[in-house]
Amino acid sequence: MPLVSILMPVFNAAATLPAALRSISSQTLREWELIAVNDGSGDASLEILDRAAQKDRRIRVLSGAHVGHIESLRSATALASAPLLARMDADDVMHPRRLLVQVTRLDSPPHVDVLATRVRSIGPTGEGMRRYIDWQNGLLSHQDLVTNFFVESPIAHPTVLMRRDIFERAGGYHDPGWAEDFDLWHRMRERGARFEKLPRALLSWRDSDRRLTRTHAMYSEKRFYEAKLYFFKRHPLCKSPVAVWGAGPTGRDWVRDLLRAGIDVPHVIDIDPKKIGRTIANGRVKVVSPDDALSTRPGLILGAVGSRGARDLIRARLLDQQLAEGRDFLFVA
């Protein structure tokens, strides 16, 4: 029985698939199987996979009509036989020691259920993606990861090695209408999973205009917001009252939807003197200064400011007040 089952959906990836397969075959850890699901590709992907499988019996190929990324992952998971599940995409490249380093860490204390790695970017990468990678690569510990789950996904899905038992207890891959990995991390978090990220870049992550995250509606900003709101309303910290820091568009959205959910929002915090003293949500919630808000400290503070650099400034102010992230405040933008 293999130690690691690698799950890899493939759709029209002939240009990048050979490099991905070479990086898998070059792994220094040999006890793996690759479950490659050809998702109705119209190019040479299936031929490339079949040739690779003929050379290496550890490669298993499943092919069928185009059913989409999540159904392909489900099919791969159903065929997997190992106690550890690794993700890989057909346009990325593994470091030769990726699986060995990850398995070694999972075999060592303290216990970890979901182990990611840092990434390096290959291919044309825009400024926004570079900032995202820098942000993501800076989050390593369990605490840093789970407290940032409502900002954006702090884990690159194809870097993950996870224990199959916690994956199955969380229900595996769902299709909720938003990103399947973001959804899975939250369901695992709710079941007490421990997360960690290795401080090594063990995956070369390819950015392109063809990536699903850029082309499919389930990865849109609107869907991410819906996912954040859904999981926040289930979070133990979601208790009235919740003060929102940010009177801009992002903060107003959160105030509106928290009120609709029956959660008390006593006030909105902002530093803009033009906003302080005004009301939002049809006059229901007053905008106050940080000094006024922090003099009372009513419940949780939800940071909802989308402008660049604002999160760090707000965090510094709250930490200076001896408040703890993940207990007294949480960021959603």
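The values are calculated or read from the model by the stated rules, or taken from the named source; none is laboratory data. These numbers come from a predicted model, not from an experiment. FYI the Cβ positions are ideal-geometry reconstructions off the backbone, even for glycines, and counts take in every protein chain you see.
Scanning segment 149-179 for residues that are farther than 20 Å from Asp107 by Cα, out of contact with any helix residue (DSSP H, G or I) (no Cβ under 7 Å at 6 or more places or on another chain) and crowded, with 22+ Cβ neighbours inside 10 Å yields one hit, Pro158. Restricting attention to segment 39-75, the residues that are of a type outside the set (Ser, Thr, Tyr) and under 24 Å from the mean Cα position of the chain (by Cα) total 8.
Filtering segment 267-287 to residues that are surrounded by 11 or more Cβ atoms within 10 Å (Cβ to Cβ), over 21 Å from Glu325 (Cα atoms) and either within 33 Å of the chain's Cα centre (by Cα) or basic (Lys, Arg) (or both) leaves Asp272, Lys275, Arg278, Ile280, Ala281, Arg284, Val285, Lys286, Val287.
Can you name every residue in segment 282-333 that is in a helix (DSSP H, G or I) and within 24 Å of Phe231 (Cα to Cα)? The answer is Ala310, Arg311, Asp312, Ile314, Arg315, Leu318. Any chance segment 219-237 includes a residue that's within 24 Å of Asp181 (Cα to Cα), without any contact (Cβ under 8 Å) to a residue 40 or more places away in the chain and among the acidic types (Asp, Glu)? There is at least one residue in segment 219-237 that is within 24 Å of Asp181 (Cα to Cα), without any contact (Cβ under 8 Å) to a residue 40 or more places away in the chain and among the acidic types (Asp, Glu). Return yes when Ala53 is out of contact with any helix residue (DSSP H, G or I) (no Cβ under 6 Å at 6 or more places or on another chain) and closer than 23 Å to Val119 by Cβ and no when it is not. Spelling it out, it is not the case that Ala53 is out of contact with any helix residue (DSSP H, G or I) (no Cβ under 6 Å at 6 or more places or on another chain) and closer than 23 Å to Val119 by Cβ. Every condition in (1) in contact with a Gly (Cβ under 8 Å, 6 or more places away or on another chain); (2) within 26 Å of Asp144 (Cα to Cα) holds for Arg327 except the one numbered (1).
Considering (1) modelled with pLDDT under 95; (2) in a loop (DSSP other than H, G, I, E, B); (3) out of contact with any Ser or Thr (no Cβ under 8 Å at 6 or more places or on another chain), the lone condition that Pro124 does not fulfil carries the number (3).
Just one of the listed residues (Leu115, Leu62, Leu139) is modelled with pLDDT of 95 or more, of a type outside the set (Val, Ile, Thr), under 19 Å from Ile35 (Cα atoms) and not in a helix (DSSP H, G or I), namely Leu62.
Does segment 68-85 contain at least one residue that is over 23 Å from Ala170 (Cα atoms), touching a residue at least 12 places away in the same chain (Cβ under 8 Å) and aliphatic (A, V, I, L, M)? So that I can check it myself, show each step before the final result.
Of segment 68-85, the ones over 23 Å from Ala170 (Cα atoms) are none.
Checked against the condition, which is being over 23 Å from Ala170 (Cα atoms), touching a residue at least 12 places away in the same chain (Cβ under 8 Å) and aliphatic (A, V, I, L, M), segment 68-85 yields no hits at all.
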